[in-house]
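K.L.:
Attaching a single structure in structure tokens format; questions to follow.
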Amino acid sequence: RYHVWGETNDPDVVDVVLLHDLGEAGGGLSDLGVALARRGYRVWAPDFRGHGDSDRALPYDDETLVEDTRAFFVELDLYRRPAVLVGFGLGAFVAMAFAATHPALVGGIVLIDAELRRTSNETNAHDVYRFHPLQAS
């Protein structure tokens, strides 16, 4: 399930993907979606699995949410040109991890209310981040 605001048939419009926080849904970002659409952007807001009207299928781990976001990009042909990701809380983590693993798909990133902690034992070239302890449960 996802929500969309703005012109969906214009191939030159900039796509903005809003990624919601834990316990919320994409529809909760409708005020921002409408405001950005009025400024000429095409705005998408998927519901993460287990949120809103999305499937409740397990697992809810970080790799799965990033893969779900990649599948969302493919399903809607958002891979044709880089999109701007705007992540809130949990969505900020997913946006950062998605940008690290799929940099060619991301033209910009905005992280809001992002409490991200780098794991101390990671020595990955991508600066890998994991869920905040409260979000992991």
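Residues checked against (1) open to solvent by 60 Å² or more (accessible area, probe 1.4 Å); (2) within 20 Å of G107 (Cβ to Cβ); (3) part of a strand (DSSP E or B); (4) of a type in the set (D, E, K, R):
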residue: H3; (1), (2), (3), (4): no, no, yes, no
residue: T8; (1), (2), (3), (4): yes, yes, no, no
residue: P11; (1), (2), (3), (4): yes, yes, no, no
residue: G28; (1), (2), (3), (4): yes, no, no, no
residue: V84; (1), (2), (3), (4): no, yes, yes, no
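K.L.:
Which one of G23, G27 is in contact with a Gly (Cβ under 8 Å, 6 or more places away or on another chain) and either small (G, A, S) or on the phi > 0 side of the Ramachandran plot (or both)? Let's see the steps before the verdict.
P.N.:
Numbers: G23 fails: in contact with a Gly (Cβ under 8 Å, 6 or more places away or on another chain).
That would be G27, the only listed residue that is in contact with a Gly (Cβ under 8 Å, 6 or more places away or on another chain) and either small (G, A, S) or on the phi > 0 side of the Ramachandran plot (or both).
K.L.:
May I pose another question? Go through region 33-75 residue by residue and tally those that are at pLDDT 85 or above and more than 14 Å from the chain's Cα centre (by Cα).
P.N.:
Number satisfying all stated conditions: 10.
K.L.:
Could you check V106 against (1) of a type in the set (V, I, T); (2) under 10 Å from the mean Cα position of the chain (by Cα); (3) open to solvent by 20 Å² or more (accessible area, probe 1.4 Å) and say which number it fails?
P.N.:
Tallying (1) of a type in the set (V, I, T); (2) under 10 Å from the mean Cα position of the chain (by Cα); (3) open to solvent by 20 Å² or more (accessible area, probe 1.4 Å), V106 fails exactly one: (2).
K.L.:
Another question about this same structure. Confirm whether E24 is open to solvent by 20 Å² or more (accessible area, probe 1.4 Å) and touching a residue at least 40 places away in the same chain (Cβ under 8 Å).
P.N.:
Yes; evaluated as a whole, the condition is true for this residue.
K.L.:
Show the residue pairs that are 6+ apart or on different chains and have beta-carbon atoms under 7 Å apart, the first residue being within region 80-100 and touching a residue at least 24 places away in the same chain (Cβ under 8 Å), the second being open to solvent by less than 30 Å² (accessible area, probe 1.4 Å) and of a type in the set (S, T, N, Q).
P.N.:
Cβ pairs passing all conditions: V94/T69; F98/T69.
K.L.:
Determine if region 77-84 includes at least one residue that is touching a Phe, Trp or Tyr at 6+ places or on another chain (Cβ under 6 Å), within 19 Å of V4 (Cα to Cα) and aromatic (F, W, Y). Please lay out each step first, then the result.
P.N.:
Taking region 77-84 first, the residues touching a Phe, Trp or Tyr at 6+ places or on another chain (Cβ under 6 Å) are 79.
Within this subset, residues satisfying the condition of being within 19 Å of V4 (Cα to Cα) are 79.
Now drop any that are not aromatic (F, W, Y), which leaves 79.
Yes, some residue in region 77-84 is touching a Phe, Trp or Tyr at 6+ places or on another chain (Cβ under 6 Å), within 19 Å of V4 (Cα to Cα) and aromatic (F, W, Y).
K.L.:
Here's a follow-up. With respect to L32, is the statement that it is surrounded by fewer than 20 Cβ atoms within 10 Å (Cβ to Cβ) and aliphatic (A, V, I, L, M) true? Don't jump to the end; show me each part of the working.
P.N.:
On the way: surrounded by fewer than 20 Cβ atoms within 10 Å (Cβ to Cβ): yes; aliphatic (A, V, I, L, M): yes.
In short, yes.
The values are calculated or read from the model by the stated rules, or taken from the named source; none is laboratory data. Predicted model, so just to flag it, every value in this text is computed and none were measured. Note that we place each Cβ from the backbone using ideal geometry, even for glycine, and neighbour counts take in every protein chain shown. Remember, those area values only see protein heavy atoms, side chains included, never the ligands or the DNA or RNA. Shrake-Rupley method; radii C 1.70, N 1.55, O 1.52, S 1.80 Å.
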